[in-house]
1. For the Cα atoms of the chain, what angle does the longest principal axis make with the long axis of helix 228-240, in degrees from 0 to 90, nearest 10?
2. Distance between Cα centroids, the stretch 73-122 to the stretch 208-225: provide it in whole Å.
3. Between 40, 185, 123, where does the largest GNM mean-square fluctuation fall for the chain, given springs only between Cα atoms within less than 10 Å?
4. Give the value in nm², to one decimal: projected area of the alpha carbon convex hull of the stretch 171-240, averaged over all directions.
5. Treating only the Cα positions of the stretch 23-124 as identical point scatterers, give the base-10 log of I(q)/I(0) from the Debye formula at each q in 0.18, 0.19, 0.22 Å⁻¹.
6. With n ≥ 4 as the cut-off for DSSP H runs, can you work out [θ] at 222 nm for the chain, using -39500 (n - 2.57) per run divided by the number of residues, rounded to the nearest 500?
7. Highest mean first, how do 109-119, 188-198 rank when packing is the count of other Cβ atoms within 10 Å averaged over residues?
8. Rank the residues 120, 23 as a footprinting-exposure proxy: fewest other Cβ atoms within 10 Å of their Cβ go first.
């Protein structure tokens, strides 16, 4: 079973969305578990304080390294600390990508460190060799939403979670391309303006070769329009193959 050990100031944030839909079914089948560790429980300061002012000045507070270290040392053996995949979610981390998830999909144990306020003292991140990951080019109030995003995107790659095991191979970011547009019934759809809106005719003609060609061209179009950075990577890879 895959286990996520989540270091957080807000354990009530979990399992949240991980307990609904297909991911929720996997959770209920015990294909994975979420073990929360409340960082505040390991503070010996007054009012269970966990943070202090940054030496660099400026607004915000920084989570103290001694308290986070205590939470880690009292919950994990030295072997666990060495062998478990350790991730700290941070806006200054490297980008979480689908390729990263694919490369690590055989991992079974994670320690996910969730910051709050201005961040986490870098010394404890470096000491335990946490990998810093950013889930997007935005700033969140803490790492909990990022942890949920990471866990869902990781779990859906596992066998027995999705109905079709090849589903994730045809989605956005696979092979550096965004997914093609999707359509379903009714056809046509009569919009609020009382006008008919048709599904692209090629998708209803039953010619599988033409459908696959349309999907590829539409995928290229979406990637060029919305993620030119991915398109650049795709063209570079195609040139080298």
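Rule-based calculations on the coordinates, nothing more; no lab input. Keep in mind that this is a model prediction, so the values were computed, not measured. Heads up, the Cβs are rebuilt from the backbone with ideal geometry, glycines too, and the neighbour counts pull from every protein chain shown.
1. The two axes meet at around 70 degrees.
2. Centre-to-centre distance over Cα atoms comes out at 36 Å.
3. Maximum among the listed residues: 185.
4. 5.9 nm²
5. -1.04, -1.12, -1.29
6. -9500 deg cm²/dmol
7. So the peptides 109-119, 188-198, ranked by packing, come out 109-119, 188-198.
8. Ranked by crowding around the Cβ, least crowded first: 23, 120.
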